[in-house]
1. Taking region 82-108, which residues are small (Gly, Ala, Ser) and at pLDDT 80 or above?
2. Test GLY34 against the criterion of being closer than 17 Å to GLY97 by Cβ and either surrounded by fewer than 19 Cβ atoms within 10 Å (Cβ to Cβ) or modelled with pLDDT under 95 (or both), and give yes or no.
3. I'd like to check something: does region 66-79 contain any residue that is modelled with pLDDT of 95 or more, out of contact with any Pro (no Cβ under 8 Å at 6 or more places or on another chain) and over 20 Å from TRP22 (Cα atoms)?
4. So which strands (runs of 3 or more DSSP E) stay within region 11-108 end to end and still have 1 or more residues that are farther than 19 Å from MET1 by Cα?
Amino acid sequence: MWKLSDADANALGQQLKGDNNWTSSNITGAMHTGDVGSPATDYRAYRGVYGDRSIQIVIGPLQPDGTHFIYADTDAFNPNEDLVSWFGHAFTEVLPGVMGFNVGCGLP
């Protein structure tokens, strides 16, 4: 997890929104509200675009100091792709995460 200025966080979000290799959701990053705050915007790369996993970047809300917390990791499935990927993510990422297992590949 790291911090970006408001301008840099907005530029990152716009770049990801403008790239057709990413999905965007305000729901799927809910497990990271403890990391970045709420509401958070969750961007996920489609599987297979940047390797065999989906990259996840979560941008948190504006903080009082004018920055945003940013969280990134990789997941085996992008739940925003289709129903199969949603179930794959739920059973291989979310459920183990709720049980206390970290199956993602966190990025510094």
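1. Step one: list which residues in region 82-108 are small (Gly, Ala, Ser), which gives 85, 88, 90, 97, 100, 104, 106.
Scanning region 82-108 gives SER85, GLY88, ALA90.
2. Working: closer than 17 Å to GLY97 by Cβ: yes; either surrounded by fewer than 19 Cβ atoms within 10 Å (Cβ to Cβ) or modelled with pLDDT under 95 (or both): yes.
So GLY34 passes the test.
3. yes
4. On the way: elements: 22-25, 41-45, 54-59, 67-75.
It comes to 22-25.
Listed here are the residues, each with its yes/no results for (1) free of Cβ contacts under 8 Å to residues at least 24 places away in the same chain; (2) on the phi < 0 side of the Ramachandran plot; (3) of a type outside the set (Val, Ile, Thr); (4) loosely packed, with under 15 Cβ neighbours inside 10 Å.
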site	(1), (2), (3), (4)
SER5	no, yes, yes, yes
GLN14	yes, yes, yes, yes
ASP19	yes, yes, yes, yes
TRP22	no, yes, yes, no
ARG44	no, yes, yes, no
GLY48	yes, no, yes, yes
ARG53	no, yes, yes, no
GLY60	no, yes, yes, no
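The values are calculated or read from the model by the stated rules, or taken from the named source; none is laboratory data. Please read these numbers as outputs of a predicted model, since none were measured by experiment. Every residue, glycine among them, receives a Cβ derived from its backbone with ideal geometry; neighbour counts consider all protein chains shown.
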